[in-house]
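Peer 1: Below you will find the structure I want to go over with you.
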Amino acid sequence: MAECAVVAYFFHLGLCVYFCKKLKSVVMYKIFFFLLILSGIVACTPPQPALLDIESFYFPVADLDPGRVYEYETADDPRNPPFYYYYRNVRSGGVLYLTGTYYDYNFTPIQFVREEVKDNGMILSDFYFYHTDTLTQKQSQVPVEIVANNVFPFTADEQNPGVLLFTVKWNDPEVEGTEFTLIRNRQFAGNTTYVYQGKEYDAVKFYVRELIDNYNEGHLETEYDGLEIYAEGLGLVYFEKNISEEFQIKYKLKDTYAMEVLEEKFKERE
């Protein structure tokens, strides 16, 4: 902007001197000179890019009543088992929440999340793990401290996407004095398309950078990048985590259905 003002100054200086002689007024000279400089600055100010509305690419929170199971399957390694997320919305005190319970292949609950719908995006309001005692096989909740609660933005800037910070901490229930910290940075990476069950969907993608810190009288850090794809009207349909050259995790959405269908799947498996 400073360069633009200088250009405007020299470009209009000759005109200003000329009209000053015509006006023969110091006051009019100052006013005229100021207007010329201002017009140069305004003309050189670049227009602000419009933000993209990407709210419809997240899980359809308002429609998840009753809830729905999202079944994810491996996208590369057949040895990796499927897992399931049961999503449903909850309204409390005039606030709309999205709750999600993660079940492993054996229908064992692993974690629970509750996200709050805000005007500008989703934020994490509650999060805990389920820990299974190796002797009794009983489960207990492991509370998680939420440090930075950003989950998903409803707008995105293609030119300056910024970074969405998410950080949580928890203590290892089996090893006293051990604390884990997960830091996840999400950055909008543009529009794309995704084919789910033979149908092509408009989608958005996010670049992800994660760091897991294992602290017990010292820090052991693991850092890696990844990718997430969200399809319009569906939510998360694909993700990958590139832990190392030898170890990658890739999953894609296989199907969605009612909880009763998942319960029948497990009955048939028993």
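Results for (1) surrounded by 13 or more Cβ atoms within 10 Å (Cβ to Cβ); (2) of a type in the set (A, V, I, L, M); (3) more than 30 Å from Glu268 (Cβ to Cβ); (4) not assigned by TED's automatic domain parsing to the domain that holds Asn242, shown as yes or no for each residue.
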| residue | (1), (2), (3), (4) |
| --- | --- |
| Tyr84 | yes, no, no, no |
| Ser92 | no, no, yes, no |
| Asn149 | yes, no, yes, no |
| Thr155 | yes, no, yes, no |
| Glu158 | yes, no, yes, no |
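Peer 1: Taking region 205-233 as the region of interest, how many residues are touching a strand residue (DSSP E or B) at 6+ places or on another chain (Cβ under 9 Å), farther than 22 Å from Ala75 by Cβ and part of a loop (DSSP other than H, G, I, E, B)?
Peer 2: Residues in region 205-233 being touching a strand residue (DSSP E or B) at 6+ places or on another chain (Cβ under 9 Å), farther than 22 Å from Ala75 by Cβ and part of a loop (DSSP other than H, G, I, E, B): 1 in total.
Peer 1: Can you name every residue in region 212-228 that is farther than 26 Å from Thr155 by Cβ and in contact with a Leu (Cβ under 9 Å, 6 or more places away or on another chain)?
Peer 2: Ile212, Asp213, Asn214, Glu221, Thr222, Glu223, Tyr224 - these are the residues of region 212-228 that are farther than 26 Å from Thr155 by Cβ and in contact with a Leu (Cβ under 9 Å, 6 or more places away or on another chain).
Peer 1: Of all residues in region 202-232, which are farther than 27 Å from Val175 by Cβ and either at pLDDT below 95 or not acidic (Asp, Glu) (or both)?
Peer 2: If the condition is that a residue be farther than 27 Å from Val175 by Cβ and either at pLDDT below 95 or not acidic (Asp, Glu) (or both), then Ala203, Val204, Lys205, Phe206, Tyr207, Val208, Leu227, Ile229, Tyr230, Ala231 are the ones that fit.
Peer 1: Give me a count of the residues in region 240-264 that are without any contact (Cβ under 8 Å) to a residue 12 or more places away in the chain and more than 19 Å from Gly100 (Cα to Cα).
Peer 2: Adding up the residues that qualify gives 4.
Peer 1: May I ask you to verify whether Tyr194 is at pLDDT 95 or above, surrounded by 15 or more Cβ atoms within 10 Å (Cβ to Cβ) and among the aromatic types (Phe, Trp, Tyr)?
Peer 2: It is true that Tyr194 is at pLDDT 95 or above, surrounded by 15 or more Cβ atoms within 10 Å (Cβ to Cβ) and among the aromatic types (Phe, Trp, Tyr).
Peer 1: Further question on the same structure: With Glu116, Glu71 as the choices, which residue is under 26 Å from Lys250 (Cβ atoms) and in a strand (DSSP E or B)?
Peer 2: Exactly one residue qualifies, and that residue is Glu71.
The values are calculated or read from the model by the stated rules, or taken from the named source; none is laboratory data. Computed from a predicted structure; not experimentally measured. Reconstructed Cβ throughout: ideal geometry from the backbone, glycine too, with neighbour counts over all protein chains shown.
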